[in-house]
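What follows is one structure encoded as structure tokens, with my remarks underneath.
The values are calculated or read from the model by the stated rules, or taken from the named source; none is laboratory data. Not measured: the values here are computed from a predicted model. A quick note on method: Cβ atoms are made from the backbone with ideal geometry, for glycine too, and the neighbour counts reach across all protein chains shown. These area figures cover heavy atoms from the full protein model, side chains too; ligands, DNA and RNA do not enter into them. Shrake-Rupley method; radii C 1.70, N 1.55, O 1.52, S 1.80 Å.
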Amino acid sequence: MRLAAVLLFLATISAICHTDGYIEQVTQQIHLLRPRSGATGYRLKDVDCLSWRLAVETNNVRNWKLVPEECEQYVGHYMLGKQYRKDCEIVAHSAIEYAKSLTLVGDGKDIWIFDIDETTLSNLPYYARSDVQFGALPYNDTKFNEWVAEGAAPPVPGSLCLYQTLLPIGFKIVFLTGTAERFKDIRISNLKAAGYHTWEKLILKGEADQGTSALVYKSKKRTELVDSGYRILGNLGDQWSDILGDNSGNRTFKVPDPMYYIG
């Protein structure tokens, strides 16, 4: 009975997230970079990279600065392989099941918050570069901003599926990102090109919020939304700072991201 339930669960994920050529779209945009598929756990000297990634995703390892050098290959295989895609899809499926279980008020105040980087838009084409190495090399703000300015980030697997499901249910979408306000136009263009065509608000980090931690900044912006009458029923992010803090929402969901940590 349990095996049958698991098979039905996986079949449902496939039916929801693979319609309308969704997987083909993701494959074309992200996985052209894939040197090989799969994400098996490589046991490397002194570091078990699969265990390290699990500790990262459960927020047991915090405030880390770089992917361990020994794990760069492992993280690359995971992010460009099948397992990352499947992990994102199961998060999306869980969020969809929750969203469909709700009865919305229908006054336009029921919202779902999405982070952008590694949540709705993927920076994998950037992180796969030899001068970035999936977060094993120090973050370079100038290089990353140059990538953002290209406006070429593809959608994160599963997140676009969730977004497309939420709209007809009646959710209003709010994008809440740590991206600087000066990139507003390019972010709008990139979101629309990736398939995110409609939203209630796009909140970017202004000058007054520079220097504020992600956790404090996002808590503040969510509180402002609640104070203005919105109800945060769902919240999706790739960092714990996206989904912790004040007014995080009725349900929070985290997509995997072992490439960097933002506190």
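Some observations on this one:
- Remark: segment 64-170 carries 38 Å² of accessible area per residue (probe radius 1.4 Å; ligands, DNA and RNA excluded).
- Rolling a 1.4 angstrom probe over segment 141-263 with all protein chains present gives an accessible area of which 49% lies on carbon and sulfur atoms.
- Each semi-axis of the equivalent ellipsoid for segment 109-167 is √(5λ) with λ an eigenvalue of the Cα gyration tensor; in descending order they amount to 27, 11, 10 Å.
- Note on K192: lysines with a C-alpha under 22 Å away, same-chain residues under 8 apart excluded, are K172, K184, K201, K205.
- Length gained on full extension, Q83 to W64: 4.5 nm, using 0.36 nm per residue less the C-alpha separation.
- Electrostatic bookkeeping for N140 treats Lys and Arg as +1 and Asp and Glu as -1; over the other residues with beta carbon under 10 Å from its beta carbon, the sum is -2.
- Spatially, segment 142-167 and segment 199-263 are offset by 17 Å when compared through their Cα centroids.
- Modelled spin-label separation between I169 and K192, with each label point placed 7 Å from Cα along the Cα-to-Cβ direction: 2.6 nm.
- The residues of segment 186-227 have, on average, 49 Å² of accessible surface per residue, using a 1.4 Å probe with all protein chains present.
- The P(r) of segment 80-238 has a tail past 18 Å containing 61 percent of all C-alpha pairs.
- In nm, spacing of pseudo-spin labels at N140 and S228 (7 Å Cα→C-beta vector): 3.7
- Applying the criteria of a DSSP loop state and at most 14 other Cβ atoms within 10 Å to the trypsin sites (Lys or Arg not before Pro) of segment 58-109 yields R62, K65.
- Averaging Cα coordinates gives a centre for segment 175-197 and one for segment 47-63; these two points are 30 Å apart.
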